[in-house]
Structure formats: structure tokens, C-alpha cells
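> Structure below; questions to follow.
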Amino acid sequence: EALAHSYNQAATRLGMEVGLTKVLDTVKRLGVERELPPYPAILLGGTDLTLIEVTTFYQTITSDGFNTPLRAILEVLDAKNQALGRYPLTVGQRFQPQAIALLTEALKSVMREGTGQGVYAVLPRNIDVAGKTGTTNGMRDSWFAGFSEDYLTVVWLGRDDNAPTPLTGASGALRVWTDIMSRMPIHSLQPYQGDDIRRVWYDPYSGLRTGNGCPGAVYIP
């Protein structure tokens, strides 16, 4: 719920309990190679990243934990279609698929009931997509990164002089993202197929939870 509605205090408290070193290690495993400062503000995105960097770490999430460095060119051919140079892709598993499945479920809730739910004013409601809005202080940056089963799109809106836009992630970048995705033949995200994750209904007040298949929280037994 906190992730879906962008409750910053919850994100900061969780990040501090986990530890900044572990959080930054996870960011690096996702694919961000630059060194980020170990300050609490980093838990709320308090650093500058390029579109390619944000796309890189979301690509790891969309690929069930497998990281593939992004390439704009795979090979260069001569006039006879003979390869002059190749830039092969490398793939490495960075995370277990169970962890990625849980994260994807949380990002789907952003779209169904949180800051990204405006997407379903355009996209069919029977298509599951996942994503996250982002808004910097002073509304200088409007971000949205989201994905379907087959496409990942990342949008940033901002001004060259870093002045306010004034757009949030939901009122700016999400609208552009929705327009782009609505023009492509996207397919609904497929649910995790393993039997080591169960879906249960959990009551946080009583601590009660009921059987497999009920709507509610997802957890690993």
C-alpha cells in the first residue's frame, strides 16, 4: 500500500532498517554502475540518473532478475551485409525470480489502486501493467517507468534550466507513457508460475490470513 501510494516516510524507514549499504548494493546489481552517495535522501531518489540508467535497472526487473546491458547497436554491416563489428549481448542473473515476482505484484498495485491508476482511463482494465511514478522536490522532474509483458517504457519530463514544470509523475510522465503504450500491441503481465509463492488475504489488525487464491497480500511461506 505504501509503495502504491508513494508514502515516502514508509520507504525511508524501511530503507534505514535494511541499511543504506544493502540498498545501494541492490541498485548496483540492478544495473546502475555509478557510485551513489550513502545518504538517506538516496532512498527517495535524491540523486541524478539518466534515462538509460533508469531503463537499465527496470530492464532487470522486467526480465525476472536477469540483467542485460542495453545496446543501441548489435552489429555493423558492410554493403554486402558482412559483419564489420558485433556487440554481443551478455546476460547475468542478479536476483531470484521469486523476489522479482513479489516486486512486480507491488508495482502492479501502483497501477490498479495507487498513483498510476489513471492509466486505466485509456488502457483496457483486463491488461495488467506495472510501474512507478516519480516526482522530485519543487516538481522539477516528472518520471514514470512501467512495463507490460512485452514492452518497457521510461518517460522523463523536465526543463533544460531545471525550473519547475509543474508536473508530478502522475500528471506528466504517466500521461505520456500511457499514450505511448496505448499505441503498441501490448500484452498483459503473466502471473508467476511457481508454487513457492501463495496469494492470501491478510488482516494487519488481527494477524489472520486465509487460504490460497484469495485476493490480498502475496508472500513466500
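The values are calculated or read from the model by the stated rules, or taken from the named source; none is laboratory data. A quick note: this is a predicted structure, and the numbers were derived from the prediction, not measured. Accessible surface is based on the protein model in full, side chains and every heavy atom, while ligands, DNA and RNA are left aside. Shrake-Rupley method; radii C 1.70, N 1.55, O 1.52, S 1.80 Å.
> For ALA72 and LEU89 in the same chain, what is the full-extension length gain: residue separation times 0.36 nm, less their Cα-Cα distance, in nm? List each step's numbers first, then the result.
Numbers: separation 17, 0.36 × 17 = 6.12 nm, distance 1.09 nm.
Once the chain is fully extended between ALA72 and LEU89, it gains 5.0 nm.
> I'd like the accessible area for GLU75, computed on protein heavy atoms only with a 1.4 Å probe and all protein chains in place. Round to 10 Å², please.
90 Å²
> Also, I was wondering about something else. If one computes the Cα centroid of the stretch 127-205 and of the stretch 1-52, what distance in Å separates the two points?
Cα centroid to Cα centroid, the span is 17 Å.
> Report, in deg cm²/dmol and to the nearest 500, the calculated mean residue ellipticity at 222 nm for the chain, where each DSSP H run with n ≥ 4 adds -39500 (n - 2.57) and the sum is divided by the residue count.
Counting only the DSSP helices, I get -8500 deg cm²/dmol.
> Using a ≥ b ≥ c from the Cα gyration tensor of the chain (square roots of the eigenvalues), is it rounded, prolate or oblate, where a/c under 1.5 gives rounded and otherwise the larger of a/b and b/c decides, a/b for prolate?
On the way: a/c = 1.45, a/b = 1.27, b/c = 1.13.
It is rounded, given that a/c, with a ≥ b ≥ c, falls under 1.5.
> May I have the count of lysine pairs in the chain with C-alpha atoms under 24 Å apart, counting pairs 8 or more residues apart or located on different chains? Display every interim value, and only then the final one.
Numbers: LYS22/LYS132; LYS28/LYS108; LYS28/LYS132; LYS108/LYS132.
Going through the chain pair by pair, I get 4.
> Considering Cα pairs under 8 angstrom that are at least six residues apart, work out the relative contact order of the stretch 1-55 and quote it in whole percent. Don't skip to the answer; put the middle values down first.
Working: 25 pairs, mean separation 18.8, N = 55.
Here the relative contact order equals 34 percent.
> Show me, bin by bin at 10 Å from 0, the whole-percent P(r) of the stretch 92-171 based on Cα pairs.
Each 10 Å bin holds this share of Cα pairs: 17, 43, 28, 12, 0.
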